[in-house]
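Beneath this line is the structure, given in structure tokens, with notes to follow.
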Amino acid sequence: MKREEIRVCLLRVGGTNCDSETQRAFQELGVQTENVHLNEMVKRKNLMEYQGLVFPGGFSYGDYVRAGAIWAKRLIAKLGNELKTFVEANRPILGICNGFQVLVESGLLPGFEGMSAYPEATLATNVPQGYNCRWVHIKNENKGRCIYTSKIPRGEVLRIPVAHSEGRFLFPKQKEQELLDNLYEKDLVVFRYCDNKGEYAEGLFPSNPNGSFHDIAGICNPEGTIFGLMPHPERAIFWWQQPDWTRQKNWPRYGDGKIIFESLIRYLVKKG
């Protein structure tokens, strides 16, 4: 499949606020991208016309109950069969920030044994508490499972911003080590928070901006096609989005977020 033939659906609901930036990122890379409200998708029932699906960031339905919880329940109730078909066809799904929360709440991630009927993890209130918007460093931990890091060398450190109140990745305390071991056994850990030299944050703020267990910033499913992360790659596409762009000279045209989108596009081009 040619790049310009790829169609990506950006699904949104009330409270979504990063869909336009994400759409701009895909369009910059030559991919057709349509911004579709969940209600419209329910009417159309044409999800399989798209090669990729993205849940962008924001505060869906005001993030009442828990971040992403209402959107996840509505998604399964209104679009569950179509979504199941999409997943079984190994079509990629990306969840950014609130989108990551939706993927976890809907049972799509981590998906140890496929789509779960209940959440297997959670993205809890930040520690320290409150909305945190800052640039952070994340390190690629994946050995090759995740299609979204296929163009990123293992151990590479990226600089990408976060902006959330509930990004603390957690497992049930009594199963914490068992599930972490399962993540590594299946190669599902994708990004961990670190400092600018690649040293793990060890849970310490501000390198770890939310207190996330094991410094986890992003994970994928066992097939590597469903990926969620708290940082916003769409906000690190262009050189002028960098926080220190006025103090630097000879910036490359693109920031570190571009390579995540490029990895996804490469997978779709090869998949055909």
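The values are calculated or read from the model by the stated rules, or taken from the named source; none is laboratory data. In this text, all values refer to a predicted model and were calculated from it rather than measured experimentally. Note: ideal-geometry Cβ built from the backbone for every residue, glycine included; neighbour counts use all protein chains shown.
Here are the numbers for this structure:
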item	result
Subset tally (residues that are within 18 Å of the chain's Cα centre (by Cα) and either part of a strand (DSSP E or B) or not aliphatic (A, V, I, L, M) (or both)) for the stretch 57-86	9
Of the criteria (1) of a type in the set (A, V, I, L, M, F, W, C); (2) crowded, with 19+ Cβ neighbours inside 10 Å; (3) on the phi > 0 side of the Ramachandran plot, which one VAL65 fails	(2)
Residue identified as farther than 21 Å from ASP215 by Cα, modelled with pLDDT of 95 or more, among the hydrophobic types (A, V, I, L, M, F, W, C) and outside any loop (DSSP other than H, G, I, E, B) among VAL54, VAL102	VAL54
Selected residue (only one of GLU105, GLU120 is within 17 Å of the chain's Cα centre (by Cα), crowded, with 20+ Cβ neighbours inside 10 Å and among the charged types (D, E, K, R))	GLU105
Criterion (within 21 Å of TYR148 (Cβ to Cβ), basic (Lys, Arg) and in contact (Cβ under 8 Å) with a residue 24 or more places away in the chain) met by exactly one of ARG66, ARG91, ARG74	ARG91
Qualifying residue in the stretch 249-268 (condition: over 13 Å from the mean Cα position of the chain (by Cα), modelled with pLDDT of 95 or more and of a type in the set (Lys, Arg))	yes
Residue list for the stretch 1-55, restricted to those being under 25 Å from ILE160 (Cβ atoms), charged (D, E, K, R) and without any contact (Cβ under 8 Å) to a residue 60 or more places away in the chain	ARG12, ASP19, GLU34
Test: residue in the stretch 224-231 that is farther than 16 Å from ALA163 by Cβ, at pLDDT 95 or above and out of contact with any Leu (no Cβ under 6 Å at 6 or more places or on another chain)	yes
Failed condition for LYS197, given (1) more than 21 Å from the chain's Cα centre (by Cα); (2) modelled with pLDDT under 95	(2)
Residue count, the stretch 105-116 (criterion: of a type in the set (Gly, Ala, Ser) and either touching a His at 6+ places or on another chain (Cβ under 7 Å) or in a helix (DSSP H, G or I) (or both))	0
Total residues in the stretch 71-89, condition in contact with an Asp or Glu (Cβ under 8 Å, 6 or more places away or on another chain) and crowded, with 20+ Cβ neighbours inside 10 Å	2
Test result for GLY80, out of contact with any Phe, Trp or Tyr (no Cβ under 9 Å at 6 or more places or on another chain), farther than 30 Å from GLU262 by Cβ and either in contact (Cβ under 8 Å) with a residue 40 or more places away in the chain or hydrophobic (A, V, I, L, M, F, W, C) (or both)	no
ARG44 being modelled with pLDDT under 95 and over 28 Å from ARG168 (Cβ atoms)	yes
Test: residue in the stretch 229-245 that is assigned to a strand (DSSP E or B), out of contact with any Ser or Thr (no Cβ under 7 Å at 6 or more places or on another chain), in contact (Cβ under 8 Å) with a residue 40 or more places away in the chain and crowded, with 21+ Cβ neighbours inside 10 Å	yes
